[in-house]
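Okay, so here's the structure we're looking at.
Nothing in this text is a laboratory measurement; each read-out follows from the coordinates by a stated rule. If you're wondering where the values come from, they're calculated on a predicted model, not measured in any experiment. Ideal geometry is used to build each Cβ from the backbone, glycine not excepted, and the neighbour counts take in all protein chains shown.
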Amino acid sequence: MSDVIIAGGGLAGLAAAVRLADAGFQVHLFEERGFLGGRATSYPYPHSETEVIDNCQHILLGCCEQLLDFYERLGVAGKVRFHDRYYFLEPGGRLSTLKSGLLPAPLHFAGSFASLKFLTAGEKFALACALARMRRDRRTRDELDQITMREWLDSQRQPGRLIERFWKPVLVSAVNEDLDRMAASHGFQVLKTGMLGGPRDSAMGVPSVPLGELYGAGAWRRYSNVTIHLQTSVSEVLLDENEVRGVRIGDRVERADYYVSALPVDRASALLAPLRIPAAEFGQSPITGIHLWFDRPVTDLPHAVLLDGTLHWMFNKREGRYLLVVVSASRGLVDKSRAEVIETALRELGAYLPAVREARLEKAHVVKETKATFSARPGLDALRPGTQTRYRNLFLAGDWTRTGWPATMEGAVRSGYSAAEAISHAASL
Ligand SMILES: Cc1cc2nc3c(=O)[nH]c(=O)nc-3n(C[C@H](O)[C@H](O)[C@H](O)COP(=O)(O)OP(=O)(O)OC[C@H]3O[C@@H](n4cnc5c(N)ncnc54)[C@H](O)[C@@H]3O)c2cc1C
């Protein structure tokens, strides 16, 4: 059977590995770092012997079919817990719950939507009109890729407060970009495929174990035809006119029948210069995760959207005492010191969860991922390359390739699966 070299052990590379292994290929995966998962990973908390923390909370929706298929193949799908309700907290602590009811899609949220306290009746009407318009909008994906989400919302006369309290919290977190920078195509996809798709599609999945455990050694035991080489960087791809001859690793050259680049866009662009991947066009959008450990429980909610402030989401990681607060597209926090970020988080969190004001902070950890994702701006989709390249045995994967998704775990897995399918097809010719 043919063999394949994969460069990069993020979700794109791992997904390609499982699909190729299931198709009977011999796979060698090279990952520069000492652990798998790339940007969706976890590591030991620096000041603790027992605590393992995610680099940031990663969530998925039920509509992330290929990601769920990937977890299924690795035997870890049961380690993702699905939640059928979304909680919204206003400063002052008033809580609203959006949950799936008995009505069929897209009306499955209709019952609880009517009772949301943080929107007025007029705002709910405006929102319902926009959602209905969204389902009917016959514009093509290409057309929606030419305008920002904010432009589309303005064309629908969405009130400013509704944009701040509904559209922003839902979409900025899902796409990791501000509404006035995000292509409308991505906003449409989140709403149409996820929130309006039906109760199963809109359920929120939260891994119940640290991310790294999902692709730990145990998960790979069933794949004897996958060899993972950690701390092994691919430093050069040896290119002929029409094919790859090998990859350089240290002072040796490794060869295979097929090659998958599952590298981040800037690394792929540098190692595969003749492909002219326009890495600079992808931009970057940061995410900040603030881990807070309190001396007592401060909430019994599993998670919540935090309205009207700097913070976007709160996740209850353990017993209401360990919270992970997430700020997406967090350009405003990048230049702030760690102490300032923690101070802002505590002050604002106390407004939603009064118990925070009484509790003692035992420890805190701030993770600023300045290059968390590419910026899903209008026009970018046309620049994202597909799987095939001009080299007959080289295939591209990565969340930045043309997956139809913003930079997400689902997008990364889709790209890995596409590369694996293209290789299976090429090998069958
Ligand atoms: C803070 C944060 C929060 C996020 N939250 C979510 C979320 O809630 N939901 C969601 O769906 N997505 C989320 N994402 C996005 C998601 O993590 C990414 O889209 C996805 O993990 C990207 O996977 P990838 O395999 O394409 O790239 P990467 O994860 O970047 O993997 C590329 C791999 O290649 C390796 N590499 C680089 N150079 C070399 C080399 N020369 N040789 C060998 N290996 C090399 C890297 O070390 C890395 O492991 C988040 C991302 C971040 C950073």
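Give me the number: length gained by fully extending GLN156 to ALA77, i.e. 0.36 nm times residue separation minus the C-alpha to C-alpha distance, one decimal in nm. Mind dumping the intermediate values first?
Working: separation 79, 0.36 × 79 = 28.44 nm, distance 3.93 nm.
Additional length available on full extension: 24.5 nm.
If Rh is defined by the Kirkwood formula over all Cα pairs and Rg also comes from Cα, what ratio Rg/Rh do you get for the stretch 211-362? Walk me through the intermediate numbers first.
Details: Rg = 22.5 Å, Rh = 19.7 Å.
My calculation puts Rg/Rh at 1.14.
Given 20 Å bins starting at zero, what is the percent of C-alpha pairs of the chain in each, up to the one with the largest pair distance?
Histogramming the chain at 20 Å steps yields 25, 56, 18, 0 percent.
Please compute the volume of the convex hull spanned by the alpha-carbon atoms of the stretch 51-169 and report it per residue in Å³. All intermediate terms of the calculation are to be shown ahead of the outcome.
Details: hull volume 21.6 nm³, N = 119.
Residue-normalised Cα hull volume stands at 182 Å³.
Can you sort HIS229, HIS186 from fewest to most other Cβ atoms within 10 Å of each residue's own Cβ?
Going from sparsest to densest Cβ surroundings: HIS229, HIS186.
How many Å³ per residue does the convex hull of the Cα positions in the stretch 327-386 occupy?
Numbers: hull volume 7.8 nm³, N = 60.
Dividing the Cα hull volume of the stretch 327-386 by its residues yields 129 Å³.
What relative contact order, as a whole-number percentage, does the chain give when Cα pairs under 8 Å and 6 or more residues apart are counted?
Working: 885 pairs, mean separation 105.8, N = 429.
Result for the chain is 25 percent.
Taking LYS99 as the anchor, which aspartates and glutamates have their alpha carbon closer than 20 Å to its alpha carbon, excluding any fewer than eight residues away along the same chain?
ASP84, GLU90, GLU123, ASP201, ASP300
What nm value, rounded to one decimal, do you get for the distance between ASP335 and ALA426 when each label is placed 7 Å out toward the C-beta?
It works out to 4.6 nm between the two label points.
Once whole DSSP H runs in the chain are found, which of them have Cα atoms spread over 20 Å or more along the helix axis and a mean Kyte-Doolittle score of at least -1.0? Don't jump to the answer; show the numbers that get you there.
Values: long enough: 121-136 (23 Å, 0.16); 338-352 (21 Å, -0.01); 409-428 (29 Å, 0.07).
The answer, listed by residue number, is 121-136, 338-352, 409-428.
In what order do HIS365, HIS303 fall by count of nearby beta-carbon atoms within 10 Å, going from fewest to most? Could the numbers behind the result be given before it?
Working: HIS365 18, HIS303 21.
In order of increasing Cβ crowding within 10 Å: HIS365, HIS303.
Give the residue from PRO159, MET149, VAL18 lying farthest towards the positive end of the charge dipole for the chain; charges sit on Cβ (+1 for Lys and Arg, -1 for Asp and Glu) and the dipole is referred to the Cα centre.
Positive-end residue among those listed: PRO159.
Along the Cα→Cβ direction, 7 angstrom out, place labels at ARG221 and ALA279. What is the inter-label distance in nm?
3.9 nm
Could you please rank LYS117, LYS371, placing first whichever residue has the fewest other Cβ atoms within 10 Å of its Cβ?
Numbers: LYS117 11, LYS371 15.
Ascending Cβ contact count within 10 Å gives the list LYS117, LYS371.
Please report the antiparallel percentage of DSSP beta bridges with both residues in the chain, rounded to the nearest 5. Walk me through the intermediate numbers first.
Numbers: 47 of 66 bridges.
Of those bridges, close to 70 percent are antiparallel.
With N set to the number of residues, divide the alpha-carbon radius of gyration of the stretch 108-183 by 2.2 N^0.38 Å and report two decimals. Provide the component values of the computation, followed by the final result.
On the way: Rg = 12.7 Å, N = 76, 2.2 N^0.38 = 11.4 Å.
Ratio of Cα Rg to 2.2 N^0.38 Å: 1.11.
Taking loop as defined by DSSP and a crowding limit of 12 other beta carbons within 10 Å, which GluC sites (Glu not before Pro) in the stretch 280-382 fit?
Values: sites: GLU281, GLU319, GLU340, GLU343, GLU348, GLU358, GLU362, GLU369; in loops: GLU319.
Qualifying residues, ordered by number: GLU319.
Rank GLY289, GLY332, GLY398 by mean-square fluctuation in a GNM of the chain with C-alpha springs under 10 angstrom and give only the top-ranked residue.
Largest GNM mean-square fluctuation: GLY332.
At 222 nm, what value in deg cm²/dmol follows for the chain if DSSP H runs of at least 4 each add -39500 (n - 2.57) and the sum is divided by all its residues, to the nearest 500? Could you put the intermediate results ahead of the total?
On the way: 16 runs with 130 residues, N = 429.
Here the helix-only value at 222 nm equals -8000 deg cm²/dmol.
Any idea how far the Cα center of the stretch 223-266 sits from the one of the stretch 1-40, in Å?
11 Å
Sort all Cα-Cα distances of the stretch 285-373 into consecutive 5 angstrom bins from zero, then give the percent of pairs in each bin up to the one containing the longest distance.
Pair shares across the bins are 3, 15, 28, 27, 17, 8, 2, 0.
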